[in-house]
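Encoded as structure tokens, the structure appears first; notes follow it.
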Amino acid sequence: MKTTEQLDRDDTLGFLRQLYDLPNDKCYLDGNSLGALSHSVKAAMEEVVNREWGESLIGGWNSHGWLELPLRVGDKLGALLGASAGETLCCDNLSINLFKALAAALELQAPRKKIITEATHFSTDNYIGEGLARLLGPDRCEVVAIPLNDLDTTDLHEAAVVSLAHVDFRTGACRDIAGITKRVHNAGALVLWDLAHSAGVIDPGLNANQVDMAVGCTYKFLNGGPGAPGFLYVAERHHQAMNPIPGWMGHADLFAFESSYRPATGIRRFLTGTQSVISMKAVHAALKDFDGVSIDALRAKSLALSDHFLSLLDHNPVTRDVTCLTPRNPSQRGSQISLRLPMGYPISQALIARGIIVDFREPDIVRFGFSPLYNSFAEVQSAVTTLADILRTECYRDARYQQRQTVT
Ligand SMILES: Cc1ncc(COP(=O)(O)O)c(C=O)c1O
């Protein structure tokens, strides 16, 4: 086993850390929730506010190509996801994009009406499905939520679309996107993947795997900033589907102001209204930090970071019996390690107080997220050493760590 120092010395992506504006006294292991701020994003914000908006005002829509940003940033995202140009939009947020994608899938698959989803999917994914079912009524939409383990034995021949997470937000388990997509297609259904926790760290191979639709956010491993826009991928073969929220930005001729809707051709029809230019510019700049870095190299480093974490955990007498919810098999592991700790919330607060920035999910899960762009092996070691010390001293029992914050 290589030492932490050797791992950092041999890390060919280690130089990327300098692109980020991270405090030196903290180990930021929460890129799975909110990515770090890069210097290029900071500079882009100055530029878009002071020069583009400040100097060009309304003219910026023409002179700075603001109108095309959702497609331009979408294509940059698509390149990281294995999509072809013209299949990905950066817009709205994951939840809204999911609504559009599910409705489009139901339309394409009529008279099939079932949305099969995982019972423990991220909350919004199932809320959006339920909302659509209420809106369309039982003749046109029915949501069936199943445990993911039951997918193999569920008859999908009546399913319109199967809606799943590529990486589970609680456990960090990474699903077999190729195998599941094939199985869903064999039953004549479409597949919709939520890439929130994989975009930027794992190649989902959207084209190679014949994925029909996908949604995701850009504020996690893509570092687009708090509340940054989401993305929507629709395979070209499905571009005839209608956008259920048809707005002027998706119209064939938006400045004709026609009284009725005529959809634009291509992915543009899935736009609805005006997008946030400032946020979109942040995403654009954040994606530039990926230029010249292969997604396979990022995946390899992400797995090396989590391997090191698991190995240090196993070798420490205080932590070796802690339950790890994340699969040990690297091909089934996302870019986070989720530990089940009965006193999880106060432990997460004690870690944060000592500069190890993690997060907590009910009822007892502490998540350690690893960004291959800016995390080091020394930070991984520091996280395990600090966790062991907190568990050994039981300092998490201190009253100040019990107070619940709104965002955990
Ligand atoms: C897996 C997953 N799906 C969906 C969402 C919701 O995304 P948004 O709030 O941007 O719509 C999140 C947010 O963290 C998420 O982690």
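General remarks:
- Filtering D176, D194, D203, D212 for residues that are within 16 Å of the ligand (Cβ to nearest atom) and not β-branched (V, I, T) leaves a single hit, D194.
- For S95, the stated conditions hold: it is within 16 Å of the ligand (Cβ to nearest atom), of a type in the set (S, T, Y) and surrounded by fewer than 21 Cβ atoms within 10 Å (Cβ to Cβ).
- Flag for V234 being within 19 Å of R269 (Cβ to Cβ), more than 12 Å from the ligand (Cβ to nearest atom) and surrounded by 24 or more Cβ atoms within 10 Å (Cβ to Cβ): yes
- Hey, T154 more than 16 Å from the ligand (Cβ to nearest atom) and either buried (at least 19 other Cβ atoms within 10 Å of the Cβ) or farther than 23 Å from A83 by Cα (or both) or not: yes
- Verdict on S33 being at pLDDT 95 or above, over 22 Å from T272 (Cβ atoms), of a type in the set (S, T, Y) and not assigned by TED's automatic domain parsing to the domain that holds V283: yes
- Residues that are in a helix (DSSP H, G or I), surrounded by fewer than 21 Cβ atoms within 10 Å (Cβ to Cβ) and of a type outside the set (D, E) were ranked within the range 104-131; the one that is nearest to the ligand (Cβ to nearest atom) is T124.
- Selection from the range 237-290 of residues that are aromatic (F, W, Y) and buried (at least 17 other Cβ atoms within 10 Å of the Cβ): F270, F290
- Checked against (1) at pLDDT below 95; (2) closer than 19 Å to T218 by Cβ, N24 meets all criteria but (2).
- Filtering the range 154-175 for residues that are without any contact (Cβ under 8 Å) to a residue 24 or more places away in the chain and either closer than 19 Å to F231 by Cβ or in the same structural domain as N209 (by TED's automatic domain parsing) (or both) leaves an empty set.
- Within the range 323-364, the set of residues being among the β-branched types (V, I, T) and surrounded by fewer than 17 Cβ atoms within 10 Å (Cβ to Cβ) comprises T323 only.
- Residue within the range 67-79 that is under 15 Å from the mean Cα position of the chain (by Cα) and either within 16 Å of the ligand (Cβ to nearest atom) or under 18 Å from S279 (Cβ atoms) (or both) present: yes
- Residue in the range 289-308 that is closer than 19 Å to G31 by Cα, more than 22 Å from the chain's Cα centre (by Cα) and more than 16 Å from the ligand (Cβ to nearest atom) present: yes
- Selection count, the range 303-321, where residues are without any contact (Cβ under 8 Å) to a residue 24 or more places away in the chain and either basic (K, R) or surrounded by 15 or more Cβ atoms within 10 Å (Cβ to Cβ) (or both): 2
- Test result for G74, small (G, A, S) and farther than 25 Å from Y233 by Cβ: no
The values are calculated or read from the model by the stated rules, or taken from the named source; none is laboratory data. The structure displayed is predicted, hence computed values, not measured ones. Here Cβ is always computed from backbone atoms with ideal geometry, including for glycine, and neighbour counts include all displayed protein chains.
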